[in-house]
1. Find the residue count for the stretch 373-406, including only residues that are touching a Phe, Trp or Tyr at 6+ places or on another chain (Cβ under 9 Å) and under 26 Å from Val184 (Cα atoms).
2. Exactly one condition in (1) open to solvent by less than 20 Å² (accessible area, probe 1.4 Å); (2) free of Cβ contacts under 8 Å to residues at least 40 places away in the same chain; (3) of a type outside the set (D, E, K, R) is false for Pro54; which is it?
3. Of everything in the stretch 373-399, what is within 13 Å of the ligand (Cβ to nearest atom) and under 16 Å from Val272 (Cβ atoms)? Give them in sequence order.
4. Picking from Ser271, Ser336, Ser320, which residue would you name as being touching a helix residue (DSSP H, G or I) at 6+ places or on another chain (Cβ under 8 Å) and either assigned to a loop (DSSP other than H, G, I, E, B) or over 25 Å from Phe389 (Cβ atoms) (or both)?
5. Does the stretch 411-426 contain at least one residue that is open to solvent by 30 Å² or more (accessible area, probe 1.4 Å) and either within 13 Å of the ligand (Cβ to nearest atom) or not in a helix (DSSP H, G or I) (or both)?
6. For the stretch 142-168, how many residues are away from the ligand (no atom under 16 Å from the Cβ), of a type in the set (D, E, K, R) and either outside any loop (DSSP other than H, G, I, E, B) or under 20 Å from the mean Cα position of the chain (by Cα) (or both)?
7. Go through the residues of the stretch 105-121 one by one and say whether even a single one is more than 25 Å from Gly26 (Cβ to Cβ), more than 16 Å from the ligand (Cβ to nearest atom) and open to solvent by less than 20 Å² (accessible area, probe 1.4 Å).
8. So, in the stretch 176-188, how many residues would count as being within 16 Å of the ligand (Cβ to nearest atom) and either of a type in the set (A, V, I, L, M) or more than 18 Å from Gly270 (Cβ to Cβ) (or both)?
Amino acid sequence: MDEVVALASELIRFDTTNTGSPDGTGGERLAAEYVAERLEDVGYETTYVESGAPGRGNVFARLPGSDPSRGALMVHSHLDVVPADASEWSVHPFSGEVSGGYVWGRGAVDMKHLAAMSLAVARRFRRDGVVPPRDIVFAYLADEEAGGVHGAGWLVTHRPDLFDGVTEAVSEVGGFSLTVADGVRAYLVETAEKGVGWLRLSTRGTPGHGSLLHTDNAVSRLAAAVARLDAHEFPLVLTPPVRDFLAGVSELTGVPFSEDDPAAVLGRLGSVARMIGASLRDTANVTMFTAGYKDNVVPSTASAIFDCRMLPGREEAFLSEVDAVVGPGVSREWKSMPPVQTTFDGTLVDAMTAALVAEDPDARLLPYMLSAGTDAKSFQRLGIRNLGFAPLRLPPDLDFTALFHGIDERVPVDGLLFGTRVLDRFLRMC
Ligand SMILES: [Zn+2]
């Protein structure tokens, strides 16, 4: 299974940077072709698809299972990555260097590690003639980092045939270990994602010379509204996965969990508290502010954009709260993508648990809610049930959340080998 290390390193060497422009950088096609070749090498038939935007490659392969009456399971990974500035890194971000027990590079954890692990397992199954209990669809996708417009989103709309019979899917941002006390490892399985909202606030005022008295200034009115919304704290709402997660950590650590004040339990989570803390309530963070064109002209308009994340069932309440906080004289535009959620039970979760415990007898699986979004949002439109499960056993002191889109992104070699063994077991009994 050491093959997985070479696969991860080689995948990182393709610069699959997603710039957000439809053209891409061409790296996704090269990476997708590489994946297709590795699958064809061992006898898979593959399907290569582009959205119409050249170079935005997606690849699919299917391994038939023993029981066609059961729905297929899809294991999907996105091959694109966010940009990296080489001058900030200890190694070149597209070197795929293997050193010091890590595979280094942009995409190591988001998310070429699962692409490599699933590729290694797919190859092994085919070479060894393994027939899993149900069909497995291996998918490698473009454009996740810009919402899947040329990847998952496009495929769901234009090529639903590729997902025939798929009832469940597993992918990124789950299955990794979090050491919550000495030798006590929780493995976080993503069962929910917050909804995503794009909010634009705009103001209009009376334009004029910057030297005059102004009581109707679009910029200052917007700035005040932005400051009010930024300072506003949305209410604490404990959803089922978050409550189960915090109760589980409380049980593992002995730290008491109070539903009204979960701060004590959050304090045991280290850097992961930033992510879990964001799943306790809706959030709205200002990300862009546009106003003015000359230092001595008061402009007539100003606008700001907020990145908003809502808990399941909260979108309407969120918007009325925003309106109340922002107040009159500010108009808003709104676009949103729904939350994702499923329950933490059933045969798929049983298989995850058995596979993890077989490799780490101290593993304790807990559901959690991701504060960000993934391709699961698109697959949900086909009625597919989504769980985040890309198994990795991590060193206790590694700041894993900081590595996502971070500098010196890297994945431990041991973790990769561990994850591949777990994925292998999981897919044999899924
Ligand atoms: Zn990702």
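The values are calculated or read from the model by the stated rules, or taken from the named source; none is laboratory data. Being a predicted model, the structure only gives us computed values, none of them experimental. Neighbour counts run over all protein chains shown; Cβ positions are idealised from the backbone, glycine included. To get the accessible areas, we keep the full protein, side chains included, count just its heavy atoms, and leave off ligands, DNA and RNA. Shrake-Rupley method; radii C 1.70, N 1.55, O 1.52, S 1.80 Å.
1. Qualifying residue count for the region: 9.
2. In the conditions (1) open to solvent by less than 20 Å² (accessible area, probe 1.4 Å); (2) free of Cβ contacts under 8 Å to residues at least 40 places away in the same chain; (3) of a type outside the set (D, E, K, R), Pro54 misses (1) alone.
3. The answer is Gly388, Ala390.
4. One residue alone meets the criteria, Ser336.
5. The answer is no, given that none of the residues of the stretch 411-426 is open to solvent by 30 Å² or more (accessible area, probe 1.4 Å) and either within 13 Å of the ligand (Cβ to nearest atom) or not in a helix (DSSP H, G or I) (or both).
6. So the answer is 2.
7. Yes: one or more hits.
8. 1
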